[in-house]
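J.: Take this structure first; my questions come after.
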Amino acid sequence: MRYSGTMNVPIVIALCFAPFLLCFLLFRFAFRLRLSTELAAGLLGLLAVLPIAFMQLFLEQSVFQDGMIVGGISGTLFLRALFFNGLIEEAVKVVFLFFIPSKRLSFREFFLAGLLFGICLGSFESAAYFLTHLQQANGRGAELLYHLIFVRMASSDVIHACCAGLGAVFVRAVRSRKAYVAPLVFAVLIHGIFDFFAGFDGILRWFSAGAVLLGILECRICFMKWQENERPAPERKEAAPQAAGPAESVSAGRTPHA
């Protein structure tokens, strides 16, 4: 199938935003997330792309100049991925996550809003990626771009969602006046590692899949840890007596003998 003009462009852009639309509906009807919260998360996800692109373009020439080598070629590529894709993107995400109205949101609702924010950002990034490679599709056929779009859905979109979820945990901790920096640190590292390996060809590219799995795992761990932290103190204290309940009941049932 060859690229057949502009009629395919709206279809491919719709494909890029399909993960966001599906999660938008899922969070709305399955998890009862407020429509206003979803719209705010989506809009902020779109707006966050602009400062990210500007900062990456502006800082690339001043921080990593042409020919600059740090610890060899691989070391330079890793530092670039860690700085531009990890630090800059996740720092900007955290700033925009602070603008999501969260006063009436539970932690789970705010976490879902963070995931939706990241998915929207990743979808927009995929659409921009397609538009910049439009000429390539005209010359080599549309199969390549369609394949890349589906690959990005399962990799880049997931990374953006997980790292934004980690950022949401960090933002929640800051608003609770508690020091919990680990989610943000993991978001920067995981995003940087993913983009570092995704830039290679061959077998090294598959290590980026490991970064995706690590992102999902770490996102779940941080979510469960902070959710436990936000539980009321009486509920947390009930867990210990329940574990020792059977032994205590047996002891209570014994009668002393003279």
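The values are calculated or read from the model by the stated rules, or taken from the named source; none is laboratory data. Keep in mind it's a predicted model, so treat the numbers as computed, not measured. Cβ coordinates were reconstructed from backbone atoms using ideal geometry, including for glycine residues, and neighbour counts include every protein chain displayed. The protein model used for the area step is the full one, side chains on, heavy atoms only, and it has no ligands, DNA or RNA in it. Shrake-Rupley method; radii C 1.70, N 1.55, O 1.52, S 1.80 Å.
J.: Search the stretch 190-217 for residues that are under 16 Å from Ser74 (Cβ atoms) and pair each with any residue that is open to solvent by 80 Å² or more (accessible area, probe 1.4 Å) when their beta-carbon atoms are under 6 Å apart and the residues are at least 6 apart or on different chains.
T.: Correct list of pairs: Phe197/Phe207.
J.: Test each condition in (1) closer than 24 Å to Ile100 by Cβ; (2) at pLDDT 90 or above; (3) open to solvent by 80 Å² or more (accessible area, probe 1.4 Å) for Arg205 and report the one that comes out false.
T.: Among (1) closer than 24 Å to Ile100 by Cβ; (2) at pLDDT 90 or above; (3) open to solvent by 80 Å² or more (accessible area, probe 1.4 Å), the lone unmet condition for Arg205 is (1).
J.: Filter the stretch 114-129 down to residues that are under 13 Å from Cys162 (Cβ atoms) and either in contact with an Asp or Glu (Cβ under 9 Å, 6 or more places away or on another chain) or without any contact (Cβ under 8 Å) to a residue 60 or more places away in the chain (or both), then give me how many there are. Step through it out loud before you land on a result.
T.: Initial filter on the stretch 114-129 (under 13 Å from Cys162 (Cβ atoms)): 114-119, 121-122.
This time we only want the ones that are either in contact with an Asp or Glu (Cβ under 9 Å, 6 or more places away or on another chain) or without any contact (Cβ under 8 Å) to a residue 60 or more places away in the chain (or both), so: 116, 118-119, 121-122.
The qualifying residues number 5.
J.: Taking the conditions exactly as written (modelled with pLDDT under 90 and farther than 23 Å from Leu21 by Cα), does Leu134 satisfy them or not? I'd like the intermediate steps shown before the answer.
T.: On the way: modelled with pLDDT under 90: yes; farther than 23 Å from Leu21 by Cα: yes.
The answer is yes for Leu134.
Here's the yes/no breakdown for (1) in contact with a helix residue (DSSP H, G or I) (Cβ under 8 Å, 6 or more places away or on another chain); (2) modelled with pLDDT of 95 or more; (3) β-branched (Val, Ile, Thr); (4) open to solvent by 80 Å² or more (accessible area, probe 1.4 Å):
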| residue | (1), (2), (3), (4) |
| --- | --- |
| Gly5 | no, no, no, no |
| Phe58 | no, no, no, yes |
| Phe64 | yes, no, no, no |
| Ile69 | yes, no, yes, yes |
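Each row is one residue, and each column tells you yes or no for (1) hydroxyl-bearing (Ser, Thr, Tyr); (2) at pLDDT below 95; (3) open to solvent by 20 Å² or more (accessible area, probe 1.4 Å); (4) touching a His at 6+ places or on another chain (Cβ under 6 Å).
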| position | (1), (2), (3), (4) |
| --- | --- |
| Arg152 | no, yes, yes, no |
| Ala161 | no, no, no, no |
| Gly167 | no, no, no, no |
| Arg172 | no, no, yes, no |
| Ser176 | yes, yes, yes, no |
| Ala182 | no, no, yes, no |
| Val185 | no, no, yes, no |
| Val188 | no, no, yes, no |
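J.: Considering each residue of the stretch 71-88, count those that are buried (at least 20 other Cβ atoms within 10 Å of the Cβ), farther than 24 Å from Met224 by Cα and not hydrophobic (A, V, I, L, M, F, W, C), and give that number.
T.: Qualifying residue count for the region: 2.
J.: Hey, can you tell me all the residues within the stretch 99-117 that are part of a loop (DSSP other than H, G, I, E, B) and surrounded by fewer than 17 Cβ atoms within 10 Å (Cβ to Cβ)? Steps first, please.
T.: Within the stretch 99-117, the subset part of a loop (DSSP other than H, G, I, E, B) is 99-106.
Hits for the stretch 99-117 are Phe99, Pro101, Lys103, Arg104, Ser106.
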